[in-house]
Amino acid sequence: MEAVTAIKPLIRVAALSGSLRKGSYNTGLLRAAISLAKESVPGMEIEYIDISPLPLINTDLEINGTYPPVVEAFRQKILEADSILFASPEYNFSVSAPLKNAIDWASRSPNVWADKPAAVISTGGGFGGGRSQYHLRQIGVFLDLHFINKPEFTLNAFQPPQKFDAEGNLVDEAAKERLKAVLVSLQAFTLRTSR
């Protein structure tokens, strides 16, 4: 008798990094997440969404209920996603300006964040970006984003052993395992909330 394996539906995840820096460790976390999903989280597809082309939010750019084409394309990517993965660096104990700008554009009417499951990961010095996560979760309350509670993922990028290579790619195997646990949790939460 053949073993029957339940096939999980495909979960499409939009991944956003709040750092625009070329060698960003937070963007490196997203590259690692994309790779981990392909290798070991069946049923999950993560697409990196570049927020750097978005203009600074300005309602003067909204004309007859439409947004600039780059904003419309970004909003459509968020709308089509089943869930969101944020990589949020910490700037002055909060989220970065580029990430807040992207959040604000997608929250304009109609709010395309509404009812989306989400997860947040971060890396940096000290607390590993953790304080930015608290602010992002608070913003998510207003946007009707539903963050997974556990596992939390913060990573001190500068503490031994080496976490990232010279190009900003995650090389620490223990951190990769922790990141995989976040993805598995986000997948399960997304499936649970989409019933």
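The values are calculated or read from the model by the stated rules, or taken from the named source; none is laboratory data. The structure presented is a predicted model; accordingly, all values stated were derived computationally and were not measured. Glycine also receives a Cβ, built like all others from the backbone with ideal geometry; neighbour counts cover every protein chain displayed. To get the accessible areas, we keep the full protein, side chains included, count just its heavy atoms, and leave off ligands, DNA and RNA. Shrake-Rupley method; radii C 1.70, N 1.55, O 1.52, S 1.80 Å.
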Which one is nearest to Ala32 (Cα to Cα) among residues in segment 120-139 that are touching a Ser or Thr at 6+ places or on another chain (Cβ under 7 Å) and aliphatic (A, V, I, L, M)? Val120
Some residue of segment 97-105 being small (Gly, Ala, Ser), touching a residue at least 60 places away in the same chain (Cβ under 8 Å) and under 25 Å from Glu177 (Cβ atoms): no
Within segment 104-129, how many residues turn out to be surrounded by 20 or more Cβ atoms within 10 Å (Cβ to Cβ) and of a type in the set (S, T, N, Q)? 3
Checked segment 135-163 for anything within 23 Å of Ala14 (Cβ to Cβ) and open to solvent by less than 20 Å² (accessible area, probe 1.4 Å); matches are Leu136, Gly140, Leu143, Leu145, Ile148, Phe153, Leu155
Report, ordered by the first and then the second residue, all pairs with beta carbons closer than 8 Å, sequence separation of six or more or different chains, a first member in segment 2-19 that is at pLDDT below 95, and a second member that is not in a strand (DSSP E or B). Ile7/Gly43; Lys8/Pro42; Lys8/Gly43; Lys8/Gln187; Lys8/Leu191; Pro9/Gly43; Pro9/Leu191; Leu10/Gly43
Of residues in segment 82-103 being small (Gly, Ala, Ser) and open to solvent by less than 10 Å² (accessible area, probe 1.4 Å), the one nearest to Gly126 (Cα to Cα): Ser88
Residue count, segment 21-42, condition surrounded by 14 or more Cβ atoms within 10 Å (Cβ to Cβ) and more than 17 Å from the chain's Cα centre (by Cα), comes to 0
Residues in segment 48-64: is at least one under 21 Å from Glu177 (Cα atoms) and either surrounded by 13 or more Cβ atoms within 10 Å (Cβ to Cβ) or modelled with pLDDT under 95 (or both)? yes
What are the residues in segment 135-156 that are outside any loop (DSSP other than H, G, I, E, B) and over 25 Å from Val171 (Cβ atoms), if any? His135, Leu136, Arg137, Gln138, Ile139, Gly140, Val141, Phe142, Leu143, His146, Phe147
When you look at Ser132, is it part of a helix (DSSP H, G or I), open to solvent by less than 60 Å² (accessible area, probe 1.4 Å) and not basic (Lys, Arg), yes or no? yes
Suppose we keep only residues that are assigned to a loop (DSSP other than H, G, I, E, B) and closer than 24 Å to Arg131 by Cβ within segment 164-181. Which one would you say is least open to solvent (accessible area, probe 1.4 Å)? Gly168
Answer yes if at least one residue in segment 25-35 is more than 28 Å from Tyr134 (Cβ to Cβ) and at pLDDT 95 or above, and no otherwise. no
